[in-house]
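Peer 1: Before anything else, here's the structure in question.
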Amino acid sequence: MARKEIAQKMRQKQVETAQTNGAPLSDSSEDSGSTSQMERTENRAPADGLRVTLEEYWEKWYERPHPHIDVSYEWNNGILEAKPLPNYPQTEQYRWFFGLLSCYVDVHPIAKILFLETGTYMSVRDESLPSGKWEVVFKPDIGIILNDSPAPWGAIDQRSYNGVCDMIVEELSDSTSAEVRRDTVEKKEGYARAGVKEYFILDPNDRHMHFYRLDAGGSYEEIEPDGEGVIRSQVLPGFQFRRADLLREPIPAKLARDEVYADYVMPDLLVAETKAEEATERADVETQRADAQKQRADSETQRADAEAAARRAAEEELQALKAEVARLRQRRS
């Protein structure tokens, strides 16, 4: 029964996709020997769209439900949703930004980072839904939880988080328009509803990259960069980055020498370089002083040599005069 439901849902997705693109749906791929889109989707995430209870999700679908398929499911108000797979640019941008956050937390340990397919359970009362509440388990690409959060994170036995992250970062999934909508609309609305204070959407193509902050009314407003293109977080005081650097991805050593990042990216490197420069300057001063002393010593030596030469010349001249006087006296006698 479940398999039939999955197939029906996948078939419906094909119809919706074809209608969205304005193209008719053809059954020729299923009649031929080639692998259909439905079969490819089923092979990657065979339970996508399946309705299960929250208890069933935690028990069967939360951690590696398919032994031979690398797929992860989120749970959205009773429906399993497969997490899309990233491409290389998305992975690299995620890695760069995760490194930035890691540097900040290392230097300013006011929060913990949640990642590695860790689920966050969020629930908000909603009488418009049959269950009376909006209830999800999302697996954000990055979650930031402040140390003073009412729902702490970091215990050795925690495999999921039952609370609301203070900041969430999602690397945009853009294989389909539905994936884009999920990150830019559905999850945005959900995170705002749950009370996530800041929501960042990263996109290496820079078509859907946004940075949001929760306003007093519970809606997201865009965090505008300053005149130099710098985005600043309020959740993490002092955490800032150039929007353009998310596309350039400079190496840490370069960031450490940049005033935007110097406070939290390898600050010891800047201190060490400053000390090395000061030591070099001191060595240069000592070298100059030694050179000056050597020059003075050389001048003294040259003066002493000149004086000695003058004394020798005077003594020789005196001896010559004495000899001349003695010679003259001898002639007179």
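The values are calculated or read from the model by the stated rules, or taken from the named source; none is laboratory data. Keep in mind that this is a model prediction, so the values were computed, not measured. Counting neighbours? That spans all protein chains shown, and the Cβs are built from the backbone with ideal geometry, glycine included.
Residues checked against (1) of a type in the set (Gly, Ala, Ser); (2) within 28 Å of Met167 (Cβ to Cβ); (3) touching a Leu at 6+ places or on another chain (Cβ under 7 Å):
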position	(1), (2), (3)
Pro225	no, yes, no
Phe241	no, yes, yes
Gln288	no, no, no
Gln302	no, no, no
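Peer 1: Out of (1) more than 29 Å from the chain's Cα centre (by Cα); (2) at pLDDT 75 or above, what's the single condition that is false for Ala283?
Peer 2: Only one criterion is unmet by Ala283, namely (2).
Peer 1: Please specify each residue of segment 241-257 satisfying the condition of being out of contact with any strand residue (DSSP E or B) (no Cβ under 8 Å at 6 or more places or on another chain) and within 22 Å of Phe211 (Cα to Cα).
Peer 2: Ala244, Asp245, Leu247, Arg248, Glu249, Pro250, Leu255
Peer 1: Output yes when any residue across segment 303-311 is surrounded by 10 or more Cβ atoms within 10 Å (Cβ to Cβ), in contact with a helix residue (DSSP H, G or I) (Cβ under 7 Å, 6 or more places away or on another chain) and not hydroxyl-bearing (Ser, Thr, Tyr), and no when none is.
Peer 2: Among the residues of segment 303-311, not one is surrounded by 10 or more Cβ atoms within 10 Å (Cβ to Cβ), in contact with a helix residue (DSSP H, G or I) (Cβ under 7 Å, 6 or more places away or on another chain) and not hydroxyl-bearing (Ser, Thr, Tyr), which makes the answer no.
Peer 1: Okay, next question. Hey, Thr91 hits all of (1) loosely packed, with under 14 Cβ neighbours inside 10 Å; (2) over 30 Å from Tyr261 (Cα atoms); (3) modelled with pLDDT of 85 or more but one; which does it fall short on?
Peer 2: Going through (1) loosely packed, with under 14 Cβ neighbours inside 10 Å; (2) over 30 Å from Tyr261 (Cα atoms); (3) modelled with pLDDT of 85 or more one by one, Thr91 breaks only (2).
Peer 1: What residue, of Gly132, Gly143, is within 20 Å of Gly190 (Cβ to Cβ) and buried (at least 20 other Cβ atoms within 10 Å of the Cβ)?
Peer 2: The unique qualifying residue is Gly143.
Peer 1: I need the full set of residues from segment 94-119 which are touching a residue at least 40 places away in the same chain (Cβ under 8 Å), hydroxyl-bearing (Ser, Thr, Tyr) and within 24 Å of Ala244 (Cβ to Cβ), in order please.
Peer 2: Tyr94, Tyr104
Peer 1: Which of the numbered conditions does Cys165 fail, given that it passes all the others? Conditions: (1) assigned to a loop (DSSP other than H, G, I, E, B); (2) over 17 Å from Glu117 (Cα atoms).
Peer 2: (2)
Peer 1: Just for segment 104-117: of the residues that are out of contact with any helix residue (DSSP H, G or I) (no Cβ under 7 Å at 6 or more places or on another chain) and buried (at least 18 other Cβ atoms within 10 Å of the Cβ), which one is farthest from Tyr191 (Cα to Cα)?
Peer 2: Result: Tyr104.
Peer 1: If you don't mind, another one. Among the numbered criteria (1) under 23 Å from the mean Cα position of the chain (by Cα); (2) surrounded by fewer than 20 Cβ atoms within 10 Å (Cβ to Cβ), which one does Ile168 miss?
Peer 2: (2)
Peer 1: Tell me, which residue of segment 142-162 that is touching a helix residue (DSSP H, G or I) at 6+ places or on another chain (Cβ under 9 Å) and touching a residue at least 60 places away in the same chain (Cβ under 8 Å) is nearest to Glu63 (Cα to Cα)?
Peer 2: Among residues in segment 142-162 that are touching a helix residue (DSSP H, G or I) at 6+ places or on another chain (Cβ under 9 Å) and touching a residue at least 60 places away in the same chain (Cβ under 8 Å), the one nearest to Glu63 (Cα to Cα) is Ser160.
Peer 1: Then there is this: Quick one: is Glu63 in a loop (DSSP other than H, G, I, E, B), exposed (fewer than 15 other Cβ atoms within 10 Å of the Cβ) and either modelled with pLDDT of 90 or more or acidic (Asp, Glu) (or both)?
Peer 2: So Glu63 passes the test.
Peer 1: Just checking: which of the helices (runs of 4 or more DSSP H) contained wholly in segment 219-333 hold 1 or more residues that are under 30 Å from Arg193 (Cα atoms)?
Peer 2: In segment 219-333, the matching helices (runs of 4 or more DSSP H) lie at 245-248.
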